[in-house]
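Below you'll find the structure, written out as structure tokens, and then a few comments.
What follows is calculated from the coordinates using simple rules that are stated; it is not laboratory data. Keep in mind it's a predicted model, so treat the numbers as computed, not measured. Cβ: placed from backbone, ideal geometry, glycine included. Neighbour counts: every protein chain shown.
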Amino acid sequence: MSKKNDIIVAYLNNQECFLHHSGVIFIPKIKAIIISDIHFEKASALNIKKISTIPLPSFDTHEILITLNKIFKIFDPKKIIFLGDTFHNLISAEYISEKYKKNIKDIINEFECIWIKGNHDVNKPSWLNVTPIDEHEEIGIVFRHITKFEDNEISGHYHLKTKIKTRDKSITGKCFIFNNKTIIMPSFGIFTGGLYLSEFLNQFSYQGKINIGFIYRNKIYNYNLKAVLK
């Protein structure tokens with residue numbers, strides 16, 4: 001965690017929030033990891049709908065679970081706050097393999113888990129013992145799936161990404177946006193696409209100073225908005 005470009009430290013309500021290059025947030029005060037937009041079983045869901053003529057490889061849930069276990073070892077959390085869209089949809093969640101069901105149940109049983117509803121998973125799968133809620137408030141911070149642009153708020157939903165121009169090329173990566181009032185998280189999932197930051201800002205006429213936590217090749221870089229939108 002102490003390596004260069006592993007984390008950016010942001011503050012909400014005077015609380016440290018570690019923005020990690022994996023796309024999660026760790027809040028030391030409550031020993032909590034916040035994860036948004038995992039979209040477990042998205043590949044399976046898209047293959048069932050036959051959206052693409054070429055089936056997506058159904059390894060996303062496997063890879064996500066491996067990454068989660070690595071993150072748990074880094075931060076040693078007591079609590080996990082799932083910020084919505086944890087499953088891509090209820091059908092694929094119900095038909096997930098028994099192995100993955102057990103892996104996810106083990107996480108729920110090991111940690112105190114807060115399960116926030118997303119637009120993709122308003123309901124929970126029948127096999128999972130969690131209580132979906134609209135939002136959660138703790139240490140003066142509100143956790144919800146979609147931002148209301150309120151103070152002291154952490155949200156997700158938009159799968160934000162942006163382009164950065166280097167000397168010889170442009171590179172694209174997922175990103176956080178943050179200031180001392182709000183944090184909007186990137187998606188944690190694998191096949192989750194993304195909304196370009198410039199489109200998000202135009203859509204909502206977002207005002208105020210913001211910083212960008214740009215994720216690229218397992219590193220996170222702190223940019224101001226002008227550096228990103230040049």
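Sequence-distant contacts, meaning Cα pairs under 8 Å at least 6 residues apart, place the relative contact order of region 113-230 at 19 percent. Take the Cβ atoms of GLU199 and ILE108, set R0 to 35 Å, and the FRET efficiency comes out at 0.50.
Per-residue Cβ neighbour counts within 10 Å put GLU135, GLU63, GLU98, GLU41 in the sequence GLU98, GLU63, GLU135, GLU41, beginning with the fewest. Taking the average, over residues, of other Cβ atoms within 10 Å as the packing measure, peptides 22-29, 137-144 rank 22-29, 137-144 from highest down.
The calculated FRET efficiency for the pair ILE146 and ASP168, based on their C-beta separation and a Förster distance of 45 Å, comes to about 0.75.
Eigenvalues of the alpha-carbon gyration tensor of region 77-230, scaled by 5 and square-rooted, set the equivalent ellipsoid semi-axes at 30, 18, 14 angstrom, largest first.
Pairs from the list LYS3/LYS101; LYS79/LYS163; LYS73/LYS165; LYS73/LYS161; LYS3/LYS181; LYS29/LYS99 with a Cα-Cα gap above 31 Å: LYS3/LYS101; LYS79/LYS163; LYS73/LYS165; LYS29/LYS99. Sequence-distant contacts, meaning Cα pairs under 8 Å at least 6 residues apart, place the relative contact order of the chain at 21 percent. In this Cβ point-charge picture (+1 for Lys and Arg, -1 for Asp and Glu), the chain has a dipole of about 980 debye about its Cα centre.
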